[in-house]
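A short worksheet on the structure shown next.
The values are calculated or read from the model by the stated rules, or taken from the named source; none is laboratory data. Quantities reported herein were computed from a predicted structural model and do not represent experimental measurements. Here the Cβ positions follow ideal geometry from the backbone for every residue, glycine too, while neighbour counts run over all protein chains shown.
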Amino acid sequence: MTRDLKRNQQDSREEQPLVSIVTPSYNQGQFIEQTILSVKNQNCPNIEHIIVDGGSTDNTLEILKKYEGTYNMCWISESDEGQADAVNKGFEMANGEIIGWLNSDDVYVDRHAITSMVNVLQNSEDVDVVYGDLIFINADSVILKIQRYPPFNYRCMLRKNYIGQPTAFFRKRIVEKHKLDISLQFAMDYEFWLRLGEKYKFLHIDRIVAGERNHPQRKVVTHRAQVGKESFEVKKRYGQTFGLQYYIGRFVDMFPSNEIGRIKGLYKLPYLYKKNDFAFQASLGPISTVVANQLWRRTRNIGLQQS
């Protein structure tokens, strides 16, 4: 009986596709251990975690060495040309049929996050990219807010990026043909989705998959003006014009993404407070505070003063 059980478990493991998680890293030793744990604690049987460090001078390498050999993780540390270049290196190293991209300050929310997204791709052969919803956390891993996203619509994507990058998983055949644009420092994910959106099928899943960390060192905080400018240039690259129709469209887009999304997020709060399978050391504050955050429009700055 025991022998048959072990054989069935082994067969199940072999049937699961290998999933490669690529993590670019540079001087984020304060956060990368939680990122590592959120991958290490997944129940998905076949994962390789590829960490591409840009030559960190903080305690990052010490943490990477700490987790060497404790799960299927490999890492390199060398100079690069920025985040996009580091991610591309990871794509080249990836052996998996399915790939995820998780930055070194972000996390997967629960132990079933990767399995759930992989199952969608396995059961939907026509889907190339699957993405879900995310939570915002602060520097201390306190959950601040739920961000829910609408279904994929290319015209809407041209006006605003509607994909939470750490929630996305895609097939390896995509990165065999497409890499990130290393000339971009801030909007490389946005440009990637727009380029893929012209050729591949995207599917949104109503599931909280990942946590995006708000902290004062985030590029979207420290270089807000440059982020906006680069996103603007990416839109122009893909043919977006900026007349009255564009601004009306953005206003219309914001309602399902922001207004309805915030309300829908409220329905997910009991789910978070009952959760007992977090993959990282999550913390939940008073529900009244989370509700207030959920109803507040300015998501990006939530929690920066709390960190």
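Taking the residues in segment 115-165 that are in a loop (DSSP other than H, G, I, E, B) and of a type in the set (D, E) as candidates, determine which candidate is nearest to W193 (Cα to Cα).
D128
Would a scan of segment 125-133 turn up a residue that is surrounded by fewer than 23 Cβ atoms within 10 Å (Cβ to Cβ) and within 21 Å of F278 (Cα to Cα)?
yes
Among the residues of segment 174-211, write down those that are acidic (D, E), surrounded by fewer than 20 Cβ atoms within 10 Å (Cβ to Cβ) and either touching a strand residue (DSSP E or B) at 6+ places or on another chain (Cβ under 9 Å) or without any contact (Cβ under 8 Å) to a residue 12 or more places away in the chain (or both).
E176, D206
From (1) at pLDDT below 95; (2) more than 25 Å from A279 (Cβ to Cβ); (3) touching a Ser or Thr at 6+ places or on another chain (Cβ under 8 Å), pick out the condition that doesn't hold for A187.
Checking A187 against (1) at pLDDT below 95; (2) more than 25 Å from A279 (Cβ to Cβ); (3) touching a Ser or Thr at 6+ places or on another chain (Cβ under 8 Å), the one that fails is (1).
Does segment 32-42 contain any residue that is more than 25 Å from V129 (Cα to Cα) and crowded, with 23+ Cβ neighbours inside 10 Å?
Yes, segment 32-42 has at least one match.
Checking I63 against (1) touching a helix residue (DSSP H, G or I) at 6+ places or on another chain (Cβ under 7 Å); (2) surrounded by 18 or more Cβ atoms within 10 Å (Cβ to Cβ); (3) not in a helix (DSSP H, G or I), which single condition isn't satisfied?
Going through (1) touching a helix residue (DSSP H, G or I) at 6+ places or on another chain (Cβ under 7 Å); (2) surrounded by 18 or more Cβ atoms within 10 Å (Cβ to Cβ); (3) not in a helix (DSSP H, G or I) one by one, I63 breaks only (3).
Within segment 96-111, is there a residue that is surrounded by fewer than 20 Cβ atoms within 10 Å (Cβ to Cβ) and under 17 Å from the mean Cα position of the chain (by Cα)?
Checked segment 96-111: at least one residue is surrounded by fewer than 20 Cβ atoms within 10 Å (Cβ to Cβ) and under 17 Å from the mean Cα position of the chain (by Cα).
I'd like the full set of residues that are closer than 17 Å to M93 by Cβ and among the charged types (D, E, K, R), limited to segment 160-176.
Those that are closer than 17 Å to M93 by Cβ and among the charged types (D, E, K, R): R171, K172, R173, E176.
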